[in-house]
1. Taking the inverse of the average 1/r across all pairs of different Cα atoms in the stretch A:215-287, what Kirkwood radius in Å do you get?
2. Express in % the proportion of alpha carbon pairs of the stretch A:4-278 at distances exceeding 22 Å.
3. State in Å² the accessible area per residue of the stretch A:281-468; use a 1.4 Å probe, count heavy atoms of protein chains only, and round to the nearest integer.
4. I'd like the carbon and sulfur percentage of the solvent accessible area for chain A, probe radius 1.4 Å, heavy atoms only, ligands and nucleic acids excluded.
5. Over the stretch A:178-259, consider all pairs of different Cα atoms and compute the Kirkwood hydrodynamic radius from their mean reciprocal separation; express it in Å, one decimal.
6. Taking H as built 1.01 Å from N, whose amide H comes closer than 5 Å to the amide H of A:Ala184, not counting residues under 5 places away?
7. What residues have an amide H closer than 5 Å to that of A:Ile25, excluding those fewer than 5 places away on the same chain, when H is modeled at 1.01 Å from N in the peptide plane?
8. Expected output is a single nm value to one decimal: the length gained when fully extending between A:Asp398 and A:Gln5, i.e. 0.36 nm times separation in residues minus the C-alpha distance. What is it?
Amino acid sequence: MKTGQEYIESLKDLKTEVYFETAKIEPLVGHPLLQPHINAAAVTYDFAHDPLYEDLATTTSHLTGKKINRFTHIHQNKDDLVKKVKLLRLIAQQTGSCFQRCVGFDALNAVYSTTFDMDQKLGTDYHKRLVDYLLYVQENDLMIAGAMTDPKGDRGLGPSEQADPDLFVRIVEKNDKGIIIRGAKAHMTGMVNSHEMLIMPTGAMKDADKDYAVACAIPVDAPGIIHIFGRQTNDKRKFDEMDQGNTKYGIVGGECLTVLEDVFVPWNRVFMCGEYEFAGSLVERFATLHRQNYGGCKAGVSDVVTGATAAIAEYNGAAKASHIKDKLVEMIHLTETLYCCSIACSQEGGKLASGAYYPNALLGNVVKQNVTRYIYEIDRICQDIAGGFIATLPSEKDFNDEKLGGYIKKYFAGKADYPTEHRYRMARLIENMTGGTALVESMHGAGSPQAQRIMLLRSGNLLHKVKLAQKLAGITTDNLVK
Amino acid sequence: MIKIGVKFCGNCNPDIDTKKLFLNLRNGLKESIEFVYWEQDAYEILLVLNGCNVACAEHPIFMGTSIIIAGETLDYVSIIEEDLLLEIERKIEKLK
Ligand SMILES: Cc1cc2nc3c(=O)[nH]c(=O)nc-3n(C[C@H](O)[C@H](O)[C@H](O)COP(=O)(O)OP(=O)(O)OC[C@H]3O[C@@H](n4cnc5c(N)ncnc54)[C@H](O)[C@@H]3O)c2cc1C
């Protein structure tokens, strides 16, 4: 297992091509735009070596019997599912940010079980290839970006119906050595500081979409790949210190647009190639595994926001007010509700044909649906209690200026027991954690709210509920509502 | 005539109608199979009927072969509810 420092060193060996505002970012390691995200991912490595955290951060490989980093594991029982959630909450509490590595973890699990099903039905050997790949990932403790979301163009049209055929990643050539793919993947969390990416289709597909039904693994620096780094709210503050808020770990996952311009993938790294009838179930598996996470990581982030709220109330001199206490209780209640759902969907998980364990799909979708609402409410309460100065504070440079700094320290002071700098720092943390880019991730990451509602209808067993009501109403079972 | 032990889960929130499935199975195989309560008798095969894929039914200690239904799956392989009866019959036939 790699340490955080070994992970960071390993990134230096890659030739990942990343651009921001027209310029190539070189070197990646140490660059202010990227370093916070690298630091956050490094925590997933360091915790595996920390006796305090290793029970959650490591496990035993079902393939080799060796101790591995949990982020490279295939869930073997319900305990694995529960420990995943606990690990995510733990790391989010320590980073207050996205540490990115869950996406590839979920992708590995989804592709593992789906390739098993494909081989059973079609007689292919995708699962064996995936197992070989997994061994390589575990052995080298790699960070994998989970690459599902295509740009999608016209949302009313399928992959093969788009005006531009590249709006979903597709196979443009097959030969005896492998395949060549073209297209792009959007919103790629942690991609620029990963070792590899695991590509999956975005949605269910039809016969006409065959060329778009592709799953495969490629190094992030393979020829033909470029990454265009996304803007974040306040990203120029990454060149400052205090004004960033969360200086060490930043916010969200350092997302990018990954362009795949005729990229070669050898056959041993191809896990789906045209079997469109399995695209839907792969997406559903990935989505459930990923939605399971959000009551873990977002609960951890909300723990920090709740702590920041209590602290700023104290700095403001308002901590004793009953409405403040009541609002803090509400934040705790919402956070623990998110966590309950993640634990529940893990505990109610089940075994798949491959032997891998999988969270309960209905409850997993409830987790994410709640996240699209409760995080906004938690952050709303935080901003209410913090006060308007989180939106109007002068800059860090002025704070430290000889002439202006005195005025800022004087007029932004709160309770006399605390230095103004503490109030300033906490306000910046809140400003950056509760607005802009950080919020949108709770809405769309792991799928927009409607995607969960579709799953709730599908797995909600409505007919069973109708039968229950009809029975109590004295309506005979021969006359059921269909 | 072989004997099959049957165990149901608690059916708190079932995706499939395991009672109907069992009655149809028993009806279809009554000439060749005797279905018995899992705790009462000796049997060659154990059939565990779970209403959903959470598969809560505790698996009794049993050395022989089991068939696990968990929602729309048979031994963890997806099968739609309408096809489950036929697939269980096939499986039993293979195990006989
Ligand atoms: C911070 C962040 C990180 C992310 N990280 C990753 C990652 O690491 N890997 C990854 O694969 N993805 C990632 N995603 C992508 C995420 O899964 C998508 O944003 C999400 O699935 C929604 O897709 P979209 O952004 O294209 O929105 P859209 O699909 O455009 O959705 C916008 C709205 O349109 C509606 N809509 C869309 N299509 C239709 C339709 N056909 N009919 C009716 N309504 C429709 C939606 O319900 C929604 O309300 C990330 C997203 C964010 C914001």
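The values are calculated or read from the model by the stated rules, or taken from the named source; none is laboratory data. Because the structure is predicted, anything quoted here is derived from the model rather than measured. Glycine also receives a Cβ, built like all others from the backbone with ideal geometry; neighbour counts cover every protein chain displayed. The area values use the complete protein model at the heavy-atom level, side chains included, leaving out ligands, DNA and RNA. Shrake-Rupley method; radii C 1.70, N 1.55, O 1.52, S 1.80 Å.
1. Numbers: mean 1/r = 0.0639 Å⁻¹.
It is 15.6 Å.
2. 57 percent
3. That works out to 43 Å² for each residue.
4. On the way: 10960 of 20020 Å².
Carbon plus sulfur share of accessible area: 55 percent.
5. One decimal place: 14.9 Å for the Kirkwood radius.
6. A:Val169, A:Leu260
7. Amide H to amide H, under 5 Å and 5 or more residues apart or across chains, A:Ile25 pairs with A:Val18, A:Tyr19, A:Phe20.
8. Using 0.36 nm per residue and subtracting the Cα-Cα distance, I get 138.0 nm.
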